[in-house]
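Enquirer: My questions will all concern the structure given below.
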Amino acid sequence: MSCGDRWKVTSYFTSATKGVSTLKEPVQIEDEIQFLDTKRLKISRNSFGDLVVELSDGSIHTSVVPVKAFPLTLPNQFIMLIDADNDKEEIGLIEHIKELKKASRQVLEDELEKCYFMPKIQKIHDLSGRFGVTRWEVDTDRGQAQFDLRSRYDIRSLDAGRILIKDVDGVRYEIVNYHRLDVKSIALLETQI
């Protein structure tokens, strides 16, 4: 089975006839996603610091932008490479970052870190509100930070105690598992979620 075969989808369409659903013939839908041969894919930087991708057929793309298909749930899988110089054309999809050679993987991980910058909150020192805006004073894996939230809707709870927070400037912060924070941080956070 080739990579393309895994993404063929069979859909069954039904139509309502006097309140009764009837099954029509199956329709084959084949996606046009190009899976990249990660064993022969080379990712590097040029002298300007742009991401450069050399495909298995020898073609070279410069000014490449990686985009995660599922940045929250599958951050290391299904990474689309986009050619920014060619009308944002899709070059292809990397199924899993671990399949890349070490040098290419490191370059891609560095680029994704820049694109998806998200400090991890380790401790909450203080929350204070004024005029409907909440000021957060926290310690992150990048150092101390202060930021403002417009509303509680900017805090998103996910599975296993994971919390995502987006401040007024659009910067995103993550709490990996709020149950592992210190008691004071948990108490402050629970006033907001």
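The values are calculated or read from the model by the stated rules, or taken from the named source; none is laboratory data. If you're wondering where the values come from, they're calculated on a predicted model, not measured in any experiment. Virtual Cβ from ideal backbone geometry, glycine too; neighbours counted across all protein chains shown.
Enquirer: In the stretch 90-128, what count of residues is obtained for those that are more than 16 Å from PHE35 (Cβ to Cβ) and in a strand (DSSP E or B)?
Expert: Matching residues across the stretch 90-128 total 9.
Enquirer: Criterion first (over 20 Å from LYS101 (Cα atoms), modelled with pLDDT of 90 or more and in a loop (DSSP other than H, G, I, E, B)) does SER56 satisfy it?
Expert: No.
Enquirer: Now a separate question. Would you call GLU25 over 18 Å from MET80 (Cα atoms) and either outside any strand (DSSP E or B) or at pLDDT 85 or above (or both)?
Expert: yes
Enquirer: Considering the stretch 137-193 alone, what residues qualify as being of a type in the set (Gly, Ala, Ser) and surrounded by 13 or more Cβ atoms within 10 Å (Cβ to Cβ)?
Expert: ALA145, GLY161, SER185
Enquirer: So which pairs qualify, if the first residue must be in the stretch 63-91 and under 25 Å from ARG156 (Cβ atoms), the second must be surrounded by 14 or more Cβ atoms within 10 Å (Cβ to Cβ) and among the polar types (S, T, N, Q), the Cβ gap must be under 8 Å, and the two must be at least 6 apart or on different chains?
Expert: Between residues of the stretch 63-91 that are under 25 Å from ARG156 (Cβ atoms) and residues that are surrounded by 14 or more Cβ atoms within 10 Å (Cβ to Cβ) and among the polar types (S, T, N, Q), the close pairs are ALA69/GLN77; PHE70/GLN77.
Enquirer: Among the residues of the stretch 29-53, how many are farther than 19 Å from ALA103 by Cα, in contact (Cβ under 8 Å) with a residue 12 or more places away in the chain and among the charged types (D, E, K, R)?
Expert: So the answer is 2.
Enquirer: Take LEU164 and decide whether it is over 30 Å from VAL64 (Cβ atoms), in contact with a strand residue (DSSP E or B) (Cβ under 7 Å, 6 or more places away or on another chain), assigned to a strand (DSSP E or B) and not assigned by TED's automatic domain parsing to the domain that holds PHE78.
Expert: no
Residue-by-condition table, conditions (1) at pLDDT 95 or above; (2) outside the structural domain of SER59 (by TED's automatic domain parsing):
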| position | (1), (2) |
| --- | --- |
| ILE91 | no, no |
| GLN106 | yes, no |
| PHE131 | no, yes |
| ILE175 | yes, yes |
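Enquirer: Okay, next question. Could you check the stretch 32-84 and list, in sequence order, the residues that are of a type in the set (Lys, Arg) and closer than 18 Å to GLU95 by Cα?
Expert: Hits for the stretch 32-84 are LYS39, ARG40, LYS42, LYS68.
Enquirer: Does the stretch 42-65 contain any residue that is of a type in the set (Phe, Trp, Tyr) and within 30 Å of GLU174 (Cα to Cα)?
Expert: No, the stretch 42-65 contains no residue that is of a type in the set (Phe, Trp, Tyr) and within 30 Å of GLU174 (Cα to Cα).
Enquirer: Scan (1) under 17 Å from LEU72 (Cβ atoms); (2) of a type in the set (Asp, Glu); (3) in contact with a helix residue (DSSP H, G or I) (Cβ under 8 Å, 6 or more places away or on another chain) for the single condition GLU174 breaks and write down its number.
Expert: (3)
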